[in-house]
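J.: Just passing along the structure, written as structure tokens.
The values are calculated or read from the model by the stated rules, or taken from the named source; none is laboratory data. Since this is a predicted model, take the numbers as computed values, not measurements. Here the Cβ positions follow ideal geometry from the backbone for every residue, glycine too, while neighbour counts run over all protein chains shown. With ligands, DNA and RNA removed, areas are computed over all heavy atoms of the protein, side chains included. Shrake-Rupley method; radii C 1.70, N 1.55, O 1.52, S 1.80 Å.
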Amino acid sequence: MVSKPRKTSQRKASTAKTGTRKKSSARKVSIADTKGKQLVIVESPAKARTVGQILGKKYVVTASQGHVRDLPKGKMGVDLDQDFEPSYVTMQDKRSLLNQIKKAGDQAKTVFLATDPDREGEAISWHIQTAAGWDNQKNPPKRVVFHEITKQAVEEAFEHPRDIDMSLVNAQQARRILDRLVGYQISPLLWRRVQRGTSAGRVQSVALRMVTDREREINAFVPQESWTLDALLTKADSQDSELRSFVATLHSIKGTNKRVNAGTETDIRAYESELKDAKFAVDDVRRRNVKQRPSAPFTTSTMQQDSGRKLRFTAQRTMSVAQQLYEGISVNGEGSVGLITYMRTDSVQVASSAISEAREYIEEKYGKSFLPEKTRLYKTRAKSAQEAHEAIRPTSIKRTPDSLKTALTADQYKLYSLIWSRMLASQMADAQSEATTVNIGAKCVSTSNEYVFRATGSVLRFAGFRALYMESSDDDDSGDDKKTLPPMDPNDDLVCSSLECLQHFTQPPPRFTEATLIRAMEDNGLGRPSTYAPTIGTLLDRNYLDKEQNRLHPTTLGITITDLLTEYFTNVMDVTFTAKMEDELDEVSRGEREWVPMLKEFYGPFEQALTSAQEKMPKVKIEEETDEVCDSCSKPMVIKTGRFGRFMACTGFPDCRTTKPILKKVGVLCPECSGDLVERKARGRRQPFFGCARYPECEFISNKRPIAKPCPECSGLMVQESRSAVSCMKCAWKETIVEDSQELTAVGD
């Protein structure tokens, strides 16, 4: 049985944009007659359908399909001697579309530019206006901005049009030129010194350095050993089933507050020997009420982080699905409607109308006890946040995830549920717990020494917002209550049934996940909401980073690039310097700084560093030794990195040009020929597929990861459908599994 890779979407996705706008081949469009009508230009066909439905027949809504102009390919396109004057060109695949837009706009009564409400959207509107020659008209196009595609928001925006904000446009131009200066001047140098296809980026290279530095911290980490002593205790003479056993840990020497620190097994065994006949009794019980406040509604960063933790979506997948939800989904009875607000934002502000709607829903669905007396207001952490923007929220809380389930794809439903729950929970009452700390005296019979054991526990008294939503953590099971302790009072005698010595080692800092890297980028002011996803995507596509078990680590190529750039382009690779550049771009967007002087301030030191690097940067050969030998000439094979990833090549090159793919076994045998199943990657695809190592003799492939356990019904090959479900490829058997089940997880997963 051969299972070929399936299409990943249940319907044709809209022209989803992930982060910054990607350039793609423009669809052939035909713009309706605009005589006597208003022309509205948005960015995507999906958004055009939704906005057109709202505005009605007096308007013609068309899509620019992203940018229509950009800096030219193949050359700098920036005049360094003329105040960094950019030379924009109309993209080849947009020429016909732009001509149609210009013709339609010239015939229309009025032109409205309704691209997205951020710098990139503002720049797209400006480029359209300039390329069409409308900027010199007496009545140039009007700019309209809305943060959600709903009837109320769109109609209100058209009632209050404005001119194009050149401060926002200049900030986008400055960013684009900065990125071109860095990329187009460092990348060719890397091609000559390292290998073809390598590149540098103003933000991506600093993000790569963060991952590389973390990897070096992990490699340099020396674990420190420590030991603890646990006592399994029960209240004496207890017949009540609720008074179950609990564990307390040796804490300190009684009366001194001196903590017990055992660095070796010998140390802890001495305490164990002394305490084996000790008498245990409760010294004191401390209880305190703990309130937990819900998290703010999503920003781009927090949405990407929680989507990564809860749904295992990559940042780019999250943004693609969010784009679809924002631009409009066909809902029964409503037509095409935008389901969430704009998904590129660093603000946690929410419209008062949305808060009122959420509070009404909470009171109706959960009762008054789940509703705080005052509305919750959240303060944006990012100092650069645009408070005029909103957090990411549903356009209507009344559109519950279940009511939309039949209209959404699986990915859309999952992400919408996450956004909806987070917004609603943000206006719910605090969760309330009772935290208990019990200090237990242990008096040694043989030495009369006394020690203190400590046990802690927590009981959830009122769920509050946790009845609906709990933010995830990257490194622990966030949201789980601590152990519950039995009722105890001072002087209660306890019986010790066992003592256990436990060995511990300090742990190195964890490798970044996409979620934690995005958080680190945000915390360090590196990039902006629109750049997080494409930055990480580029690092993975360039093979500078690998992802294993959802953790990112640098490749040999990534480490080499990082080291060279850090040595020769110190400022470009400095997190603080890059964050300062982002702050200056924000100042340009607010009209507080001129963009040309800002570029000059950057380019002077950068040009000096570039000249030095061209003279001094050594040529580096990146190869990893292997135990493999060439099938053609028997010479050793080495691992190299090419345009499409890592591969093995013969050291006899150029006399011998034999290459082999690097195949990662998954620990499962092929159901057709009993050969090894291996993980493969196709060109242009980041997600792997799985096939027989004996290809092309055996053509078995599967789009889903095989697991080691055979089907209990027919012994066929089972594959992982999702994080919590497996199915058989031979019969219809399916099973829901417990996450992280070692029994079912494939080797190498």
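J.: Could you give the distance between the Cα centres of the range 145-189 and the range 689-722, to the whole Å?
T.: So the two Cα centres are separated by 47 Å.
J.: Using θ = phi - 60° and the Karplus curve 6.51 cos²θ - 1.76 cosθ + 1.60, what whole-Hz ³J(HN,Hα) does each residue of the range 244-260 get, with Gly and Pro shown as x?
T.: 7, 5, 8, 10, 10, 10, 4, 10, 7, 8, 4, x, 10, 6, 7, 5, 7
J.: Please list the non-local residues whose amide H lies under 5 Å from the amide H of ASP70, H modeled 1.01 Å from N, same-chain partners needing a gap of 5 or more.
T.: VAL89, MET91
J.: For SER252, enumerate residues with amide H under 5 Å from its amide H, sequence gap 5+ or separate chain, H modeled in the peptide plane.
T.: VAL260, VAL452
J.: While we're on this one: Given R₀ = 60 Å, what would the calculated FRET efficiency be for GLU156 paired with LYS664, taking r from the Cβ atoms and rounding to 0.05?
T.: E(calc), rounded to 0.05, equals 0.65.
J.: Still on this model: Any chance you could give the angle, 0 to 90 degrees and rounded to 10, that helix 300-311 forms with the longest Cα principal axis of the chain?
T.: 50
J.: Using the Cα centre of the chain as origin and beta-carbon charges of +1 (Lys, Arg) and -1 (Asp, Glu), tell me which of LEU371, THR658, SER421 is placed farthest towards the positive end of the dipole.
T.: THR658
J.: Expressed in nm to one decimal, what extension gain is obtained for the pair ALA236 and THR484 from 0.36 nm per residue of sequence separation less their Cα-Cα distance?
T.: Full extension from ALA236 to THR484 adds 87.5 nm.
J.: When ranked by the protection proxy of mean other Cβ atoms within 10 Å per residue, highest first, what sequence do the peptides 654-661, 594-601 form?
T.: 594-601, 654-661
J.: If R0 is 60 Å, what FRET efficiency do you get for ASN99 and ASP546 from their C-beta distance, rounded to 0.05?
T.: Plugging the Cβ-Cβ distance into 1/(1 + (r/R0)^6) gives 0.85.
J.: Then there is this: So, with a 1.4 angstrom probe, what is the percent of accessible area on the chain that is carbon and sulfur?
T.: The nonpolar share, carbon plus sulfur, comes to 45 percent.
J.: On a 0 to 90 degree scale, rounded to 10, what angle separates helix 595-616 from the longest Cα axis of the chain?
T.: Approximately 70 degrees, to the nearest 10.
J.: Restrict the search to the range 155-196; then list the trypsin sites (Lys or Arg not before Pro) that DSSP places in a loop and that have at most 10 other Cβ atoms within 10 Å of their Cβ.
T.: Sparse-neighbourhood loop trypsin sites (Lys or Arg not before Pro): ARG196.
J.: Would you mind calculating the gained length between LYS635 and GLU592 on full extension (0.36 nm times residue separation, minus the Cα-Cα distance), in nm to one decimal?
T.: 9.2 nm
J.: Show me the ranking of peptides 367-379, 41-53, 424-436, 98-110 by mean Cβ neighbours inside 10 Å, starting with the highest.
T.: In descending order of packing, they fall as 41-53, 424-436, 98-110, 367-379.
J.: Also: Using helices alone, I'd like the mean residue ellipticity at 222 nm for the chain: each DSSP H run of four-plus residues gives -39500 (n - 2.57), total over residue count, nearest 500.
T.: -10000 deg cm²/dmol
J.: Loop only by DSSP, 10 or fewer other Cβ within 10 Å of the Cβ. Give me the chymotrypsin sites (Phe, Trp or Tyr not before Pro) in the range 256-340 that pass, ordered by residue number.
T.: Numbers: sites: TYR271, PHE280, PHE298, PHE313, TYR326; in loops: PHE313.
Passing both the DSSP loop test and the Cβ count: no residue.
J.: Tell me, in nm to one decimal, what length is gained between LYS709 and ALA725 on full extension, where the rule is 0.36 nm per residue of separation less the Cα-Cα distance? The partial results should precede the final answer.
T.: Details: separation 16, 0.36 × 16 = 5.76 nm, distance 1.30 nm.
Full extension of this stretch gives 4.5 nm more.
J.: Quick one: Cα centre-to-centre distance for the range 623-672 and the range 290-362, in angstrom?
T.: Between the Cα centres of the range 623-672 and the range 290-362 lies a distance of 45 Å.
J.: Taking the Cα centre of the chain as origin, work out the dipole magnitude from +1 charges on Lys and Arg Cβ and -1 charges on Asp and Glu Cβ, in debye rounded to 20.
T.: Using only the charged Cβ atoms, the result is roughly 3260 debye.
J.: Would you mind checking which residues have amide H under 5 Å from VAL40's amide H? H placed 1.01 Å from N; only 5 or more apart, or other chain.
T.: For VAL40, the qualifying residues are VAL60, VAL61, THR62, PHE112.
J.: Given (1) 1.04; (2) 1.02; (3) 0.97, which label gives Rg/Rh (Cα atoms, Kirkwood Rh) as computed from the coordinates?
T.: Of the listed options (1) 1.04; (2) 1.02; (3) 0.97, (2) comes from this structure.
J.: Taking 45 Å as R0, compute the FRET efficiency from the Cβ-Cβ separation of ARG657 and ASP135 and round it to 0.05. Before the final figure, lay out the partial values.
T.: Values: r = 55 Å, r/R0 = 1.22.
Using R0 = 45 Å, I get an efficiency of 0.25.
J.: Related question: With all protein chains present and a 1.4 Å probe, how do TYR59, TYR695, TYR532 order by accessible area, largest first?
T.: Greatest to least solvent exposure: TYR695, TYR59, TYR532.
J.: Taking the alpha-carbon centroid of each part, what is the distance from the range 28-67 to the range 406-476 in angstrom?
T.: One Cα centre to the other: 49 Å.
J.: Name the GluC sites (Glu not before Pro) in the range 651-734 that are in a loop by DSSP and that have at most 10 other C-beta atoms within 10 Å, would you? Walk me through the numbers on the way to the answer.
T.: Numbers: sites: GLU672, GLU679, GLU697, GLU699, GLU713, GLU721; in loops: GLU672, GLU697, GLU699, GLU713.
Those that pass, being in a loop and sparsely packed, are GLU697.
J.: Also: In square angstrom, what is the accessible area per residue of the chain with a 1.4 angstrom probe?
T.: Values: 37210 Å² over 749 residues.
Heavy-atom SASA per residue in the chain reads 50 Å².
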